[in-house]
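Working notes, structure below.
Derivation of every value follows stated rules applied to the coordinates shown; laboratory data play no part. Bear in mind that the values here come from a model prediction, so they are computed numbers and not experimental data. For neighbour counting, all protein chains shown are included, and Cβ atoms are generated from backbone atoms with ideal geometry for every residue, glycine included.
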Amino acid sequence: MQLSASRTSPHLWATALRRFGVFWFTCVAIGQIGFICFIVAFYGPRTASGNYQAWNDKALIDGHKPGDDIGNFMFATHVLLAAVMTFGGLMQLVPAIRNRYRALHRWNGRVFLALACFLAIGGLWLGWVRGTRLSIESGLAVSLNGLLILCCAVPTILYAMRRKIRQHERWAMRTFMVASGVWFFRVGIMGWILVNQSPRWMNSTLSGPADMTLAIGSYMIPLLGLELYYSAQKSISNVYRTIAFGVLLLLTGFMIIGIAGTMLIMWPGDLFG
Ligand code: HEM
């Protein structure tokens, strides 16, 4: 009995973790497709028709500023390419595409990494050169996200070029997590407000205790969650695996609430306001 339990248990854990991974990715894909639809539906028609002032129909820090041609151009490229990058990131994680269409995976990967770096550098420019920030604290928190995107993109591409596939996959996942930080932030804000039924410990400059925890947590928690997932895969301790699995389920539950909040409240509010 003892022997068969210890033989089946690792297999069961591996299956549970793999299924959890598929479920987590399905939730993320639904939420990020919602984000892409929002970007395209809100910014697409306003930009294509030249009605740039209408970017400010939603609450933005700067958006369109009359006379600031460079800033307006940087803002437009930032938001529109955000949709392309988000879609590209999702495509990279679909195993069927990765395994069957390897050339597509390689090219889409290069485009995704280039766009993630472009958005990170463009975001830093918007925050510190254009001055688009609500407070120094919130500006620093999102800037750390930008720096982490650049730090994760470099090993991702280097390991791919050296054909070290295992390390490449790990760094690619880390890049995906930090490049999704801006999306996780919106999900976190809505999750927090819905769970508390109020914007508790938040303020109008995004520098309240909850704002700062969510701003930094929007990329640190997904990064730590990923490491927890990898360590649970490797662990031989049932206690550790149970705790890790429980934490991952809790985080995913919170994420699902936040995804529902962004898709049912936040973005419809911005679009139909
Ligand atoms: C790489 C992933 C990123 C994505 C997908 C992304 C996406 C977006 C989107 C969709 C907007 C429009 C705001 C909205 O409609 O809610 C935006 C604005 C902005 N982003 Fe990013 N962004 C990313 C990274 C960054 C980074 C790393 C920074 C800072 C270092 C940054 C700084 C900004 C700023 C300052 C604005 C203008 C906000 C305003 O005027 O209200 N972004 N971003």
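Note on Ala41 and Ile243: with the Förster distance fixed at 35 Å, the Cβ-Cβ geometry gives a FRET efficiency of about 0.25.
Using C-alpha pairs under 8 Å with a sequence gap of at least 6, the mean separation divided by the residue count of the chain gives a relative contact order of 19 percent.
Packing-based ranking of 155-163, 260-268 yields 260-268, 155-163, ordered from highest to lowest mean Cβ neighbour count within 10 Å. Relative contact order, whole percent, for the stretch 27-156 stands at 21, derived from Cα pairs under 8 Å and 6 or more residues apart.
Rounded to the nearest 10 degrees, the inclination of helix 136-161 to the longest alpha-carbon principal axis of the chain is 50 degrees. Compared with the direct C-alpha span, the chain from Phe118 to Val84 gains 11.0 nm at full extension, assuming 0.36 nm per residue.
Taking a straight Cα-Cα cut-off under 22 Å and skipping sequence neighbours fewer than 8 places away in the same chain, the lysines within cross-link reach of Lys164 are Lys234. Note on Thr205 and Tyr101: the model spin-label points, each 7 Å out from Cα along the C-beta direction, lie 4.8 nm apart.
Computed from the C-beta positions of Cys27 and Ile70 and an R0 of 51 Å, the FRET efficiency is 0.85 to the nearest 0.05. By the count of neighbouring beta-carbon atoms within 10 Å, fewest first, Ser231, Ser218, Ser135 end up ordered Ser231, Ser135, Ser218. Seen against the Cα atoms of the chain and their longest principal axis, helix 209-234 is set at about 30 degrees. Using alpha carbons only, how many degrees (0 to 90, rounded to 10) separate the axis of helix 165-179 from the longest principal axis of the chain? Compared with the principal axis, the helix lies near 40 degrees.
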